[in-house]
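S.K.: The structure follows.
The values are calculated or read from the model by the stated rules, or taken from the named source; none is laboratory data. Everything numeric here is computed off the predicted structure, so don't read it as measured data. Using ideal geometry, Cβ is built from the backbone for each residue, glycine included, and neighbour counts are taken over all protein chains shown.
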Amino acid sequence: MTGGDQSALGGVYKLVAVAEEDGAHNWQARVKLSAQPEKMTNPGLKKVVRLMRNGFLNADIIALPEEDLRPGVKFTGINPNNPSQQHVYAHFDAVESLHVAIFENGKLVYTMPSLNEVRAFAKSRLRIIRLESRRLEHPHLLKVSLTDRYWRYKQGIIEEAIKVEGQ
């Protein structure tokens, strides 16, 4: 839902890939082009991970599925809305996947947690956010970055879409 400055949700689901009809589970990336970087989609298959340091959330990262992000391995993260803003991630001690499988090969593989389990999980997740990010006035903003490899992949998809749109 959108509503100008008063939108009901901070996120919108958008198409990012289409399955090819070859039966081999191959995907064709799709991107929504926009003059506003924050409205442009992150195309194709990807993984989203959370970097942790000393038990606290450090950053969320969007990467290609095959990328190996682990403690001890430095990588560059790029701000998707301003690629000139880059950060080298080196000081994190844990990486957790933010993807949870619900369906696999058309079959439900997820067990719905009880309300008490959901409540306990939410409470535990709030504790990983530092107080300066939870304050109501001038909170520290948590970073979401694209890996350099994913950013280059995205730029290639964007360039192709612009060529097709210009034809």
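S.K.: Would you mind listing the strands (runs of 3 or more DSSP E) fully within region 34-100 where at least 2 residues are among the β-branched types (V, I, T)? Steps first, answer last, please.
M.R.: Values: elements: 47-53, 56-63, 75-78, 86-89, 94-97.
Answer list for region 34-100: 47-53, 56-63, 75-78.
S.K.: Something else: Take region 101-139 and flag every residue that is within 20 Å of the chain's Cα centre (by Cα), closer than 29 Å to P37 by Cβ and not in a loop (DSSP other than H, G, I, E, B).
M.R.: R125, S133 - these are the residues of region 101-139 that are within 20 Å of the chain's Cα centre (by Cα), closer than 29 Å to P37 by Cβ and not in a loop (DSSP other than H, G, I, E, B).
S.K.: Residues in region 150-161: is at least one basic (K, R) and at pLDDT 95 or above? Quick ask: steps written out before the conclusion?
M.R.: Within region 150-161, the subset basic (K, R) is 152, 154.
Checking which are at pLDDT 95 or above leaves us with 152, 154.
Within region 150-161, one or more residues are basic (K, R) and at pLDDT 95 or above.
S.K.: Looking only at region 134-167, which residues are hydrophobic (A, V, I, L, M, F, W, C) and closer than 20 Å to A17 by Cα?
M.R.: Of all residues in region 134-167, those hydrophobic (A, V, I, L, M, F, W, C) come to 136, 141-142, 144, 146, 151, 157-158, 161-162, 164.
If the condition is that a residue be hydrophobic (A, V, I, L, M, F, W, C) and closer than 20 Å to A17 by Cα, then L146, W151, I157, I158, A161, I162, V164 are the ones that fit.
S.K.: Hey, another quick one. In region 104-126, what residues are surrounded by 10 or more Cβ atoms within 10 Å (Cβ to Cβ) and of a type outside the set (S, T, Y)?
M.R.: Pass one, region 104-126, residues surrounded by 10 or more Cβ atoms within 10 Å (Cβ to Cβ): 108-110, 113, 117-121, 125.
Correct list: L108, V109, P113, E117, V118, R119, A120, F121, R125.
S.K.: Regarding region 77-85, can at least one residue be identified that is free of Cβ contacts under 8 Å to residues at least 12 places away in the same chain, loosely packed, with under 13 Cβ neighbours inside 10 Å and either in contact with a Cys (Cβ under 6 Å, 6 or more places away or on another chain) or acidic (D, E) (or both)?
M.R.: Going residue by residue through region 77-85, those that are free of Cβ contacts under 8 Å to residues at least 12 places away in the same chain are 84-85.
Still in the list and also loosely packed, with under 13 Cβ neighbours inside 10 Å: 84-85.
Applying the additional criterion that residues be either in contact with a Cys (Cβ under 6 Å, 6 or more places away or on another chain) or acidic (D, E) (or both) yields none.
No, because not a single residue in region 77-85 is free of Cβ contacts under 8 Å to residues at least 12 places away in the same chain, loosely packed, with under 13 Cβ neighbours inside 10 Å and either in contact with a Cys (Cβ under 6 Å, 6 or more places away or on another chain) or acidic (D, E) (or both).
S.K.: Here is a further query. Take the residues in region 34-55 that are farther than 19 Å from R149 by Cβ and surrounded by 12 or more Cβ atoms within 10 Å (Cβ to Cβ), then tell me which one is modelled with the lowest pLDDT. Steps first, answer last, please.
M.R.: Our first condition is that a residue be farther than 19 Å from R149 by Cβ; within region 34-55, this holds for 34-36, 38-39, 52-55.
With surrounded by 12 or more Cβ atoms within 10 Å (Cβ to Cβ) added as a condition, the list becomes 39, 52-53.
Numbers: K39: 85, M52: 96, R53: 95.
Among them, the one singled out is K39.
S.K.: Scanning region 86-101 for residues that are among the β-branched types (V, I, T) and loosely packed, with under 10 Cβ neighbours inside 10 Å, which turns out modelled with the lowest pLDDT?
M.R.: We begin by selecting, within region 86-101, every residue among the β-branched types (V, I, T); these are 88, 95, 100.
Restricting the remaining residues to those that are loosely packed, with under 10 Cβ neighbours inside 10 Å gives 88, 100.
On the way: V88: 95, V100: 92.
Among those that are among the β-branched types (V, I, T) and loosely packed, with under 10 Cβ neighbours inside 10 Å, it is V100.
S.K.: Which pairs do you get when a residue that is surrounded by fewer than 19 Cβ atoms within 10 Å (Cβ to Cβ), found in region 140-153, comes within reach of a residue that is in a helix (DSSP H, G or I), reach meaning Cβ atoms under 6 angstrom, with the pair 6+ apart or on two chains?
M.R.: Listed pairs, sorted by first residue: H140/E132; H140/S133; L142/S133.
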